[in-house]
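Colleague: Below: one structure in structure tokens.
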Amino acid sequence: MTEIKSRSHRIITMVLVCAAFLGISAGSAYPAGDLFPIRTSTRFDCTLAPYLVADKLGFFKEEGLELVFTGELPSTEYTTAILAGETDFADHHPNALALQIHGGAKVKAVGRSIIEPDESADPRLRHMRYYVTREAYDAGVKTLADLGKYKEGEKLKSAGVENTCETFILNKALDRVGVSRDKLEWISVDADVAKIQAQKLNQFDIIGVHPPFYDAAVEAGLVQIGDSSDAKLGEATGVYLYYFSNDFIEKHPNEVAGFVRAMTKAQRWANANLEQTAKWTGEFIGQDVKGNHYYSETTEIDEETVLPWIEDLEKTGALPAGAIKVSDIVTHQFEAK
């Protein structure tokens, strides 16, 4: 009972902090006024930035919407909360959505969020960086290819949630350099900060870290040996999708369309104003932030960037071949014509 009360207290506190930061009234379940509330779980990670931009610059308000944070949840519970009516939308990579939809979840992606920038862009905008300890680096692990001969005969421990970007991107990069995927043993860790602290204590051999936590990894004494561009998948490397329940889309198509327009404006602005976007993100999550992700600047969902994620699930046996198509995951209903 004490644990339940403590968790409830943390959630209430986070809601109040988020409300104060964004100027949302916390006195009732929904904000006052004529704006339509759209609810999502609170997050203190790399997916946060465009929400803050859309709210602070009034892009949601222009569409008659008001963002409401409902409290922090693990990413594995986003869809459960949507289907239970506790939140309205979330974001996920295509492989996570494909598995959930195959399992019966009635949800649909309506727009793209994060994508991988081309290699001419600032490397800090790439979706992930890969780190080892200084001891491993000094022992010869200076590239992803070097993992193949490191601790020969042993599996290497890697932190991350399976069937997310963490496994997909690194496995694709290892495929390219001839390192067997079987070399890695995946241990589920949902937060980058927790990964960094664990690897600092030599509990992992390699970890993948998202912005805005690159500096935290360096400050912990870790050494970068690669990044998501090593997967050579172009924009598809980091693609992230906004999604709602099918029921919400059917009942509120105008609000969903407004959401897509607002987020597209916010993403363009975030790409063009990196420092201010990072500053707002840092203020919200309570630590210095010097970078964010790179975001899609159109409302279009490019199906070619979604397909590799499904194909990889088929390759690993997580999905039967042909069980899920891109059209099962996304709708083009809300793309600008």
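Colleague: Residues in the stretch 225-249 that are surrounded by fewer than 16 Cβ atoms within 10 Å (Cβ to Cβ) and in contact with a strand residue (DSSP E or B) (Cβ under 7 Å, 6 or more places away or on another chain): how many?
Modeller: Result for the stretch 225-249: 1.
Colleague: Run Val189 past the list (1) touching a helix residue (DSSP H, G or I) at 6+ places or on another chain (Cβ under 8 Å); (2) more than 21 Å from Ala121 (Cβ to Cβ); (3) part of a helix (DSSP H, G or I); (4) among the hydrophobic types (A, V, I, L, M, F, W, C) and report the number of the one that doesn't hold.
Modeller: Of everything listed in (1) touching a helix residue (DSSP H, G or I) at 6+ places or on another chain (Cβ under 8 Å); (2) more than 21 Å from Ala121 (Cβ to Cβ); (3) part of a helix (DSSP H, G or I); (4) among the hydrophobic types (A, V, I, L, M, F, W, C), Val189 misses just condition (3).
Colleague: Follow-up. For the stretch 216-273, enumerate the residues that are closer than 21 Å to Ala90 by Cα and outside any helix (DSSP H, G or I).
Modeller: Of everything in the stretch 216-273, those that are closer than 21 Å to Ala90 by Cα and outside any helix (DSSP H, G or I) turn out to be Val239, Tyr240, Leu241, Tyr242, Tyr243, Phe244, Ser245, His252.
Colleague: When the residues of the stretch 35-86 are narrowed to those that are more than 17 Å from Ile249 (Cα to Cα) and among the small types (Gly, Ala, Ser), which ends up farthest from the chain's Cα centre (by Cα)?
Modeller: Restricting to residues being more than 17 Å from Ile249 (Cα to Cα) and among the small types (Gly, Ala, Ser), the top hit is Gly58.
Colleague: Would you please name the residue that is modelled with the lowest pLDDT, looking only at residues in the stretch 283-320 that are touching a Lys or Arg at 6+ places or on another chain (Cβ under 6 Å) and either assigned by TED's automatic domain parsing to the domain that holds Leu184 or farther than 16 Å from Leu97 by Cα (or both)? Write out each step before concluding.
Modeller: We begin by selecting, within the stretch 283-320, every residue touching a Lys or Arg at 6+ places or on another chain (Cβ under 6 Å); these are 291, 296-297, 301.
In the following step, the residues that additionally are either assigned by TED's automatic domain parsing to the domain that holds Leu184 or farther than 16 Å from Leu97 by Cα (or both) were identified as 291, 296-297.
Numbers: Gly291: 77, Ser296: 96, Glu297: 95.
Of everything passing the filter in the stretch 283-320, Gly291 is modelled with the lowest pLDDT.
Okay, residues lined up against (1) in contact with a Lys or Arg (Cβ under 6 Å, 6 or more places away or on another chain); (2) part of a strand (DSSP E or B); (3) without any contact (Cβ under 8 Å) to a residue 24 or more places away in the chain:
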| position | (1), (2), (3) |
| --- | --- |
| Glu86 | no, no, no |
| Leu97 | no, no, no |
| Glu135 | no, no, no |
| Lys142 | no, no, no |
| Gly153 | no, no, yes |
| Ser158 | no, yes, no |
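Colleague: Could you grab me the full set of residues in the stretch 176-202 that are acidic (Asp, Glu), touching a strand residue (DSSP E or B) at 6+ places or on another chain (Cβ under 7 Å) and farther than 19 Å from Leu73 by Cβ?
Modeller: Glu185
Colleague: So, of the residues in the stretch 129-163 that are of a type in the set (Ser, Thr, Tyr) and surrounded by fewer than 20 Cβ atoms within 10 Å (Cβ to Cβ), which turns out to be nearest to the chain's Cα centre (by Cα)?
Modeller: Among residues in the stretch 129-163 that are of a type in the set (Ser, Thr, Tyr) and surrounded by fewer than 20 Cβ atoms within 10 Å (Cβ to Cβ), the one nearest to the chain's Cα centre (by Cα) is Thr143.
Colleague: Considering only residues that are within 16 Å of Asp230 (Cβ to Cβ) and either buried (at least 16 other Cβ atoms within 10 Å of the Cβ) or at pLDDT below 95 (or both), which ones fall in the stretch 164-180?
Modeller: Cys165, Glu166, Thr167, Phe168, Ile169, Leu170, Asn171, Lys172, Ala173, Leu174, Val179 - these are the residues of the stretch 164-180 that are within 16 Å of Asp230 (Cβ to Cβ) and either buried (at least 16 other Cβ atoms within 10 Å of the Cβ) or at pLDDT below 95 (or both).
Colleague: If the Cβ limit is 8 Å and pairs must be 6+ apart or interchain, which residue in the stretch 33-45 that is acidic (Asp, Glu) pairs with which residue that is surrounded by fewer than 20 Cβ atoms within 10 Å (Cβ to Cβ) and in a loop (DSSP other than H, G, I, E, B)?
Modeller: Between residues of the stretch 33-45 that are acidic (Asp, Glu) and residues that are surrounded by fewer than 20 Cβ atoms within 10 Å (Cβ to Cβ) and in a loop (DSSP other than H, G, I, E, B), the close pairs are Asp34/Gly64; Asp45/Ala191.
Colleague: May I ask you to list the residues in the stretch 277-302 that are in a helix (DSSP H, G or I) and exposed (fewer than 14 other Cβ atoms within 10 Å of the Cβ)? Break it down into steps so the answer makes sense when it comes.
Modeller: Taking the stretch 277-302 first, the residues in a helix (DSSP H, G or I) are 277-285.
Result: Glu283, single match.
Colleague: If Gly208 satisfies all but one of (1) surrounded by fewer than 21 Cβ atoms within 10 Å (Cβ to Cβ); (2) at negative phi, what's the number of the condition it fails?
Modeller: Gly208 satisfies every listed condition except (1).
Colleague: Within the stretch 181-189, is even one residue surrounded by fewer than 17 Cβ atoms within 10 Å (Cβ to Cβ), within 16 Å of the chain's Cα centre (by Cα) and outside the structural domain of Leu307 (by TED's automatic domain parsing)?
Modeller: Yes, the stretch 181-189 contains at least one residue that is surrounded by fewer than 17 Cβ atoms within 10 Å (Cβ to Cβ), within 16 Å of the chain's Cα centre (by Cα) and outside the structural domain of Leu307 (by TED's automatic domain parsing).
The values are calculated or read from the model by the stated rules, or taken from the named source; none is laboratory data. None of these values were measured; they are calculated from a predicted model. With ideal geometry, Cβ positions are generated from the backbone for all residues, glycine too; neighbour counts draw on all protein chains shown.
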